[in-house]
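This report refers to the structure that appears directly beneath it.
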There are 2 protein chains.
Amino acid sequence: MVKAAPAEDRHDHFAVREGVHLIIDLHGAEGLNDIDLIEATLRRCVEAAQATLLHIHVHHFQPNGVSGVAVLAESHISIHTWPDAGYAALDVFMCGKATPDACIPVLREAFKAQRVDVNEILRGRVP
Amino acid sequence: MVKAAPAEDRHDHFAVREGVHLIIDLHGAEGLNDIDLIEATLRRCVEAAQATLLHIHVHHFQPNGVSGVAVLAESHISIHTWPDAGYAALDVFMCGKATPDACIPVLREAFKAQRVDVNEILRGRVP
């Protein structure tokens, strides 16, 4: 007979797989073709959120636009930019004790965004 | 005086920055600690969606769990797995002519998921 896990174990178990996924849109933003600014801003987001960076990759499109991803111990951050439109689409997904909301003022300031839309999705909840 | 862009230019311009962002949860899934299966499945998703792979990175956590990201010409795919829970959190973000929905049967089959939840977010729409 298989015994059920103790309640505190189940709690830990489910807690680990819960995360916050922020879907972030920047409008009226600047600096969106500056790959160095974008990489530096991703790194500042990781620090602000008290997350742990495992891997970062940024790609510059021709004629313009940048995609970047930061893989974290806590999940990831991504950014895709359309400089001519002043628009960037990001997502910030973090599990555990990181604070993904702390990325929002970093992004707003770095890209001088006139408008920042944020939608929060809770991931990994038990159905 | 600055002239407004012709209507067809504006249409093209806005079309470029529209994308579909799928938030995908797999429950009751298998193979979630198999980093080779996960990388191969990300590559199959890219092919199925007729997207263009620019960069891929997968990371194996100790004692278990995998995070992976595929940077695409069309945006990205990410996966984060919790093997003990049979749970994986993915997002598939694609702009242009790629077909992100084509990833869903690939994921369902590769990981033998008992349940697949998909939420679609339209990104980059003009406010």
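The values are calculated or read from the model by the stated rules, or taken from the named source; none is laboratory data. Note that the structure is predicted; figures quoted are calculated from it, not measured. FYI the Cβ positions are ideal-geometry reconstructions off the backbone, even for glycines, and counts take in every protein chain you see. For accessibility, only protein heavy atoms count, side chains too; no ligands or nucleic acids. Shrake-Rupley method; radii C 1.70, N 1.55, O 1.52, S 1.80 Å.
Sequence-ordered 3J(HN,Hα) estimates for the stretch A:62-74 from the Karplus curve with 6.51, -1.76 and 1.60 and θ = phi - 60° stand at 9, x, 7, x, 9, 10, x, 9, 10, 8, 10, 4, 9 Hz, glycine and proline given as x.
Placing a label point 7 Å from Cα along the Cα-to-Cβ axis, B:R43 is separated from the same position in the other copies by 3.1 nm, shortest listed first. Interface residues of the stretch A:89-126, defined as a loss of at least 40 Å² in heavy-atom accessible area between the chain alone and the complex of all protein chains with a 1.4 Å probe, are A:R123. The amide H of A:G86, built 1.01 Å from its N in the peptide plane, has no neighbour under 5 Å, considering only residues 5 or more places off or on other chains.
Give me the orientation-averaged projected area of the Cα convex hull of the stretch A:21-74, in nm², one decimal. Please list the in-between numbers first.
On the way: hull surface 16.5 nm².
Taking a quarter of the hull surface, the average projection is 4.1 nm².
Backbone phi angles across the stretch B:25-40, fed through the Karplus curve with coefficients 6.51, -1.76 and 1.60 (θ = phi - 60°), yield HN-Hα couplings of 10, 9, 10, x, 9, 10, x, 7, 10, 9, 5, 5, 4, 5, 5, 4 Hz in residue order; Gly and Pro are listed as x. Amide H contacts for B:L72 (H built 1.01 Å from N in the peptide plane; partners 5 or more residues away or on another chain; cut-off under 5 Å): B:L54, B:I77. Taking a straight Cα-Cα cut-off under 15 Å and skipping sequence neighbours fewer than 8 places away in the same chain, the aspartates and glutamates within cross-link reach of B:K112 are B:D25, B:E30, B:D34, B:D84. What the Cα atoms of the stretch A:60-115 give is an Rg and a Dmax of 12.5, 39 Å. Pairing chain B with chain A buries about 2900 Å² of accessible area. This figure sums both sides and uses a 1.4 Å probe. Between the stretch B:87-117 and the stretch A:68-105, what is the separation of their alpha carbon centroids in Å? If you average the Cα positions of each part, the centres end up 20 Å apart.
How much length would be gained if the chain were fully extended between B:R115 and B:D84, taking 0.36 nm per residue of separation minus their Cα-Cα distance, in nm to one decimal?
Details: separation 31, 0.36 × 31 = 11.16 nm, distance 1.59 nm.
Here the answer is 9.6 nm.
Near B:L22, the amide H atoms lying under 5 Å from its own belong to B:V92, B:F93, B:M94, B:I121; only residues 5 or more places off or on other chains count, and H is placed 1.01 Å from N.
Across the options A:A85, A:T52, A:G65, the greatest Cα extent toward the positive end of the charge dipole of the stretch A:16-112 (unit charges at beta carbon of Lys, Arg, Asp, Glu) belongs to A:T52.
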